[in-house]
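Below is the structure I would like to discuss, written out as structure tokens.
Values in this text are rule-based calculations from the coordinates and carry no lab data. Values in this document were obtained by computation on a predicted structure and should not be read as measured data. In this analysis, Cβ positions are derived from the backbone assuming ideal geometry, glycine residues included, and neighbour counts consider all displayed protein chains.
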Amino acid sequence: MASAEKLWQSVRREAEAVAAGDAVLAPSLKKSILDHPSFGSALALQIGQRLGANDEERVRFARVASEAFAAAPELVEAASFDLQGIVSHDPAVTALLPPLMNFKGFVALQAWRVSNWLWQRGRHDFALMMQSASSERLQVSIHPSASIGTSVYLDHATGIIIGADSFIGDGVTMMQNVTIGRRPDRPARAPRIGRGAYLSSGSSIIGDISIGDFAKVGAGAVVTSDVPAGCTAVGVPARLTNCPENAIPA
């Protein structure tokens, strides 16, 4: 995948082309993209604009995002992988600019990266404030203590809940109304989602369980036990289907 710097140059070229052809969009693209020196700067503005309910909140969220990106450039690199992952996962997306400007799941994921950075540094109150704002404004609630890889795609990104200490691997695609969390009667460990897994709309993954690499969870399924790598889980309660002959435990 391209570095954040190379991705930023591609985004700027796309923005320049759109601005040249659409006078209505040109001022917005200037403010959101073309006036910024870097991908991190533009992304911090997006987080502030989408999470803040008023000007004060927008400035505050943008400022802390800028602080995080300056201190941890790897967050910006992760965001660039996420953006490129959208293009590679979704055949309806053929350019970088539309998901950056319009896909709230992408912004929610980057807001989580900032909140996780805050959480790891003991700034729990601000991290939880960001989670609350994302839940209210974007309909995506990801606890700051969760762990999420890169090239992750929150498709449609409405009604998504990822609980405390959940683990999401690289390249996971998650549709709308997905819930990932602990069992209230057994709160010891949260679910672990392997790389490349696909979680369909309305699915729930609950408890101390693992979803294996490249496994799939069907729409509306309720999963409370392990799904081996490459298998598909469907139904309520979920049952396994389409497992490869050499399926291994998750």
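So for each of 56-66, 15-25, 116-126, 76-86 I average, over its residues, the number of other beta carbons within 10 Å; can you give me the resulting order with the highest mean first? Could you put the intermediate results ahead of the total?
Values: 56-66: 17.8, 15-25: 13.4, 116-126: 15.8, 76-86: 22.2.
Highest-to-lowest ranking by the protection proxy: 76-86, 56-66, 116-126, 15-25.
Then there is this: Specify the inter-centroid distance of segment 1-34 and segment 148-223, based on alpha-carbon positions, in whole Å.
Segment 1-34 and segment 148-223 have Cα centres separated by 33 Å.
Please give the length that would be gained between Thr241 and Ala188 if that part of the chain were fully extended, namely 0.36 nm times their separation in residues minus their C-alpha to C-alpha distance (nm, one decimal). Walk me through the intermediate numbers first.
Working: separation 53, 0.36 × 53 = 19.08 nm, distance 2.82 nm.
Net length gain for the segment: 16.3 nm.
Just how large is the dipole of the chain about the Cα centre, in debye to the nearest 20, putting +1 at every Lys and Arg Cβ and -1 at every Asp and Glu Cβ? Provide the component values of the computation, followed by the final result.
Working: 22 positive and 23 negative charges, 60 e Å.
Computed charge dipole of the chain: roughly 280 debye.
Between Ser28 and His89, what length in nm is gained on full extension when 0.36 nm per residue of separation is reduced by their alpha carbon distance?
On the way: separation 61, 0.36 × 61 = 21.96 nm, distance 2.71 nm.
Extra length available between Ser28 and His89 comes to 19.3 nm.
Using modelled backbone amide H atoms (1.01 Å from N, in-plane), which distant-in-sequence or interchain residues come within less than 5 Å of Arg182's amide H?
Residues meeting the criterion, in which the H sits 1.01 Å from N, are Gly207.
Next up: Expressed as an acute angle from 0 to 90° and rounded to the nearest 10, what is the orientation of the C-alpha long axis of helix 104-120 relative to the principal long axis of the chain?
80
Also: Taking the Cβ of Leu25 as the center, what net charge do the other residues with Cβ under 12 Å away carry, scoring Lys and Arg +1 and Asp and Glu -1?
Values: positive: Lys30, Lys31; negative: Glu14, Glu16, Asp22.
Within the 12 Å Cβ shell, the charges total -1.
Here is a follow-up. Can you list the lysines whose alpha carbon is less than 26 Å from that of Lys30, not counting same-chain residues fewer than 8 positions off?
Lys6, Lys104
Could you give each residue of segment 162-171 its phi-based ³J(HN,Hα) in whole Hz, using Karplus coefficients 6.51, -1.76, 1.60 with θ = phi - 60°, and x for Gly or Pro?
10, x, 4, 6, 5, 10, 10, x, 5, x
Calculated FRET efficiency, Ser10 and Asp208, Cβ-Cβ r, R0 51 Å, to nearest 0.05?
On the way: r = 42 Å, r/R0 = 0.82.
That pair, Ser10 with Asp208, gives E of 0.75.
Using a Förster distance of 45 Å, how high is the FRET efficiency between Gln49 and Ser225, based on the Cβ-Cβ distance and rounded to 0.05? Let's see the in-between values first.
Details: r = 42 Å, r/R0 = 0.92.
With a Förster radius of 45 Å, E is 0.60.
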